Amino acid sequence: MSNDILVLAEHDGQAVSDITFELLGAARRLASGSGGQVAVALVGGAGLTGTLGAASTVYVVDGTSGAIYSPEVFEKAFLGVLKEADPRLVLTGTSTMGIDVAGALSVAWPAPVVSYVVGLEAEGTELVATSQIYGGKLMAEVAIGGPHAICAVIAGSFPADAGRSDGTPEVREVAVAGLDSARTTPRGVHEPDTSGVDIAAAEVLVSVGRGIGGKENLEVVQELADALGAPLAASRPITDQGWLPKPQQVGKSGKKVKPRAYLAFGISGAPEHLEGMRDAELIIACNTDPNAPIFDVAHYGTTADLFDLAPELAEKLGS
Amino acid sequence: MRILVLMRQLPDLVEELEISSEGTDIDRELVKFVMNEFDDQALEEALLLKESSGAEVVVVALDEPDVDQALYTAIAKGADRAVKLTGVSNERWMSTHERAAILAPYVEESAADLVLTGVQAADDLDGQLAGVLAGLLGLPHAAVVVGVELKDSTVLVTQELGGGRSVDEEIDLPAVLGLQAARQAPRYAPISKIRQVTQAGGIEEVAAHTPPEASATAISLRRLYVPERSGHAEMLEGTPGEVAERIAEILRSRGLVKG
Ligand SMILES: Cc1cc2nc3c(=O)[nH]c(=O)nc-3n(C[C@H](O)[C@H](O)[C@H](O)COP(=O)(O)OP(=O)(O)OC[C@H]3O[C@@H](n4cnc5c(N)ncnc54)[C@H](O)[C@@H]3O)c2cc1C
């Protein structure tokens with residue numbers, strides 16, 4: 001049984017994503033204890049191997065569509081690498097790519113999958129993964145004992161710097177048959193919508209979640225935002241409903257923000273939301289549920305009802 | 001054109017979750033179950049496709065607590081049929097791989113053209129259903145889907161890649177999609193309609209296939225626990241007015257209040 005760890009790389013054709021470096025750092029730490037090697041699987045991004053010096057080997061598969069992500073092509077390509085590299089552990093993110101490929105690969109390359117991982121430790125020959133489930137309300141500890149496993153790791157769980165290293169890993173081209181006969185054909189990429197307010201540039205953000213209840217109630221937080229001269233930001237359900245424009249969404253699929261103050265009203269603090277705002281200098285959260293995970297990252301919290309608190313605060317700041 | 005929507009029940013996360021005495025599951029007696037919110041998005045997308053193309057929409061769920069309510073609600077919203085797969089234990093946490101193994105033979109027999117489900121569920125610790133199910137069935141798939149358009153023998157989907165980027169791709173049918181968000185917010189069914197549908201009955205019960213033992217993909221859960229609140233916020237106590245005053249002070253002391 002090998003002790004090698006294989007990281008499934010993510011990139012946009014121009015650069016390798018942070019999550020890949022986070023995983024590489026974690027892989028290096030685990031491998032230094034177990035004596036395994038760290039490798040990366042890179043699909044369609046052959047020019048990017050130079051930034052992957054934290055790995056000793058980079059397996060490169062040239063996808064037919066170049067850099068454009070396509071679940072089926074990436075999955076087949078990764079499977080080709082898994083068969084060749086035969087690692088003990090495969091690491092991916094809980095990103096779109098990770099959600100797509102982890103489950104499907106676990107069937108084709110029979111292995112248990114552990115999702116939403118935030119911690120990985122060695123315990124003798126076993127690995128132990130710690131995951132966040134139920135929207136971050138509970139943690140699960142999972143033992144990984146068998147010859148193969150796949151872990152999908154939440155972004156931000158490990159430092160990216162530990163996986164950043166220039167260098168010249170050994171590059172191995174893997175030929176995978178059938179990539180051009182995929183039943184999935186990419187038709188184009190949409191770049192982020194940059195219209196409207198740029199919440200990433202704001203010093204203060206007043207952010208609102210599903211606790212607001214309805215579009216008509218946004219007025220309450222809008223008045224507070226006006227008093228602070230801050231734009232409104234939101235969790236995903238608010239922009240999905242069309243109550244605020246998509247570019248104002250904070251989180252995994254929205255924007256990453258780092259304001260001097262982030263005021264969260266009626267936001268539970270799901271991992272996908274925290275991913276976009278946990279680095280704010282000051283976080284103040286208002287949530288009627290004292291166990292809401294948002295309080296784990298907030299500096300100050302209150303279980304006051306937002307409909308009581310927001311108008312009071314607007315008034316105190318307004319004059 | 002037949003669209004299957006795979007739905008499931010989940011503990012309502014607004015309520016407190018207690019851990020069972022064995023330490024590896026939640027205490028299910030105290031929990032209120034609701035439909036997975038992402039499955040509700042999948043249902044909405046299916047209903048939109050039905051409206052534009054006349055597809056038949058069949059909702060499918062395993063027998064789980066309060067699932068009848070969810071299935072009748074789906075019919076009240078416009079689903080053509082509701083199927084409940086019975087005979088599997090519904091009193092414990094079930095892994096994604098086990099769910100997928102139970103659903104796969106049904107999906108295969110149902111001759112579905114398109115299978116929609118939620119992108120994830122709050123307790124799918126061993127991976128997300130769409131990918132695992134597609135793996136078992138050998139079908140193409142995509143997750144984090146935010147738009148679906150039916151063509152003749154393909155489906156055009158928009159998949160979010162994160163950070164505001166997305167990709168369009170055309171996928172041959174049959175395919176399995178994990179929905180993040182429907183093109184519009186899920187509709188509501190009037191209570192009176194749900195009541196009427198419930199009285200009429202009409203959930204089809206089908207005996208579920210027993211899944212094969214799949215030890216190679218089984219995870220070994222050691223324990224569940226409430227996270228230690230190491231970095232917990234300093235809680236501001238008092239009336240809303242007093243809390244507001246404290247927050248205003250904190251913001252002022254950092255020079256974040258204009259004027
Ligand atoms: C692939 C993927 C990507 C995602 N990307 C994002 C993303 O970019 N951004 C994002 O935000 N989410 C994202 N999500 C969704 C995420 O999982 C959560 O569903 C979402 O963050 C929940 O939003 P919320 O906190 O507003 O709602 P909820 O979780 O429903 O929380 C509402 C909160 O409001 C509180 N509340 C209710 N009433 C009041 C009141 N009167 N006063 C005060 N508090 C009150 C409740 O206690 C509750 O905690 C993504 C999910 C997936 C699967």
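The values are calculated or read from the model by the stated rules, or taken from the named source; none is laboratory data. These numbers were taken from a predicted model, which means no experiment stands behind them. Positions of Cβ are generated from backbone atoms using ideal geometry, with glycine treated the same way; all protein chains shown enter the neighbour counts. Note: accessible area is taken over every heavy atom of the protein model, side chains too, but ligands, DNA and RNA are not part of it. Shrake-Rupley method; radii C 1.70, N 1.55, O 1.52, S 1.80 Å.
Report those strands (runs of 3 or more DSSP E) wholly inside the range A:93-178 carrying at least 1 residues which are in contact (Cβ under 8 Å) with a residue 24 or more places away in the chain and more than 10 Å from chain B (Cβ to nearest Cβ). Before the answer, list the steps.
Details: elements: A:113-123, A:126-133, A:138-144, A:149-153, A:170-173.
Ranges flagged: A:113-123, A:126-133, A:149-153, A:170-173.
Test B:ARG187 against the criterion of being open to solvent by less than 80 Å² (accessible area, probe 1.4 Å), within 23 Å of B:ASP68 (Cβ to Cβ) and basic (Lys, Arg), and give yes or no. Before the answer, list the steps.
Working: open to solvent by less than 80 Å² (accessible area, probe 1.4 Å): yes; within 23 Å of B:ASP68 (Cβ to Cβ): yes; basic (Lys, Arg): yes.
So B:ARG187 passes the test.
Checking A:ALA175 against (1) more than 14 Å from the ligand (Cβ to nearest atom); (2) open to solvent by 10 Å² or more (accessible area, probe 1.4 Å); (3) modelled with pLDDT of 95 or more, which test does it fail?
(3)
Name the residue that is surrounded by the most Cβ atoms within 10 Å (Cβ to Cβ), counting only residues in the range B:1-58 that are of a type in the set (Ser, Thr, Tyr) and in contact (Cβ under 8 Å) with a residue 24 or more places away in the chain. Give the steps one after another, and end with the answer.
Taking the range B:1-58 as the starting set, the residues that turn out to be of a type in the set (Ser, Thr, Tyr) are B:20-21, B:24, B:52-53.
Next cut, in contact (Cβ under 8 Å) with a residue 24 or more places away in the chain only: B:24, B:52-53.
Values: B:THR24: 16, B:SER52: 10, B:SER53: 12.
So the residue we want is B:THR24.
How do the pairs read when you match residues in the range A:292-312 that are among the charged types (D, E, K, R) with residues anywhere that are in a helix (DSSP H, G or I) and more than 10 Å from the ligand (Cβ to nearest atom), using Cβ under 8 Å and keeping only pairs 6 or more apart or on different chains?
A:ASP305/B:PRO240; A:ASP308/B:PRO240; A:GLU312/B:PRO240; A:GLU312/B:GLY241; A:GLU312/B:VAL243; A:GLU312/B:ALA244
Which numbered condition in (1) more than 9 Å from every other protein chain (Cβ to nearest Cβ); (2) out of contact with any Lys or Arg (no Cβ under 9 Å at 6 or more places or on another chain); (3) near the ligand (Cβ under 7 Å from one of its atoms) is the only one that A:SER235 fails?
Every condition holds for A:SER235 apart from (2).
So if I check each of A:LYS252, A:LYS258, which one is closer than 30 Å to B:GLU45 by Cα and either of a type in the set (D, E, K, R) or surrounded by fewer than 24 Cβ atoms within 10 Å (Cβ to Cβ) (or both)? Explain how you work it out, then say what you get.
On the way: A:LYS258 fails: closer than 30 Å to B:GLU45 by Cα.
Being closer than 30 Å to B:GLU45 by Cα and either of a type in the set (D, E, K, R) or surrounded by fewer than 24 Cβ atoms within 10 Å (Cβ to Cβ) (or both) holds for just one of A:LYS252, A:LYS258, which is A:LYS252.
Could you tell me which of the residues A:SER253, A:SER207, A:SER268 is over 26 Å from B:GLU228 (Cβ atoms) and either in the same structural domain as A:VAL117 (by TED's automatic domain parsing) or among the polar types (S, T, N, Q) (or both)?
Working: A:SER207 fails: over 26 Å from B:GLU228 (Cβ atoms); A:SER268 fails: over 26 Å from B:GLU228 (Cβ atoms).
Exactly one residue qualifies, and that residue is A:SER253.
Pick out the one residue from A:HIS299, A:HIS273 that is closer than 27 Å to A:TYR134 by Cβ and out of contact with any Leu (no Cβ under 8 Å at 6 or more places or on another chain).
Details: A:HIS299 fails: out of contact with any Leu (no Cβ under 8 Å at 6 or more places or on another chain).
Unique residue meeting the criteria: A:HIS273.
What residue, of B:GLU160, B:GLU149, is surrounded by fewer than 18 Cβ atoms within 10 Å (Cβ to Cβ), part of a strand (DSSP E or B) and either of a type outside the set (Val, Ile, Thr) or in contact with a strand residue (DSSP E or B) (Cβ under 7 Å, 6 or more places away or on another chain) (or both)?
Working: B:GLU160 fails: surrounded by fewer than 18 Cβ atoms within 10 Å (Cβ to Cβ).
Just a single option satisfies the conditions, and that option is B:GLU149.
Considering only helices (runs of 4 or more DSSP H) fully contained in the range A:250-319, which possess at least 3 residues that are within 7 Å of the ligand (Cβ to nearest atom) and either more than 7 Å from chain B (Cβ to nearest Cβ) or among the aliphatic types (A, V, I, L, M) (or both)? Show your work before the answer.
Values: elements: A:271-277, A:294-297, A:306-318.
Because the criterion is at least 3 residues that are within 7 Å of the ligand (Cβ to nearest atom) and either more than 7 Å from chain B (Cβ to nearest Cβ) or among the aliphatic types (A, V, I, L, M) (or both), the helices (runs of 4 or more DSSP H) in the range A:250-319 that meet it are A:271-277.
Could you list, in sequence order, the residues of the range B:163-219 that are hydroxyl-bearing (Ser, Thr, Tyr) and either within 12 Å of chain A (Cβ to nearest Cβ) or over 21 Å from the mean Cα position of the chain (by Cα) (or both)?
B:SER166, B:SER192, B:THR198, B:THR210, B:SER215, B:THR217
How many residues are within 16 Å of the ligand (Cβ to nearest atom) and touching a Pro at 6+ places or on another chain (Cβ under 8 Å) if we restrict to the range B:141-175?
8
Among the residues of the range B:163-179, how many are in a loop (DSSP other than H, G, I, E, B) and farther than 19 Å from A:ALA104 by Cα? Before the answer, list the steps.
Of all residues in the range B:163-179, those in a loop (DSSP other than H, G, I, E, B) come to B:163-164, B:173-174.
Applying the additional criterion that residues be farther than 19 Å from A:ALA104 by Cα yields B:163-164.
So the count comes out to 2.
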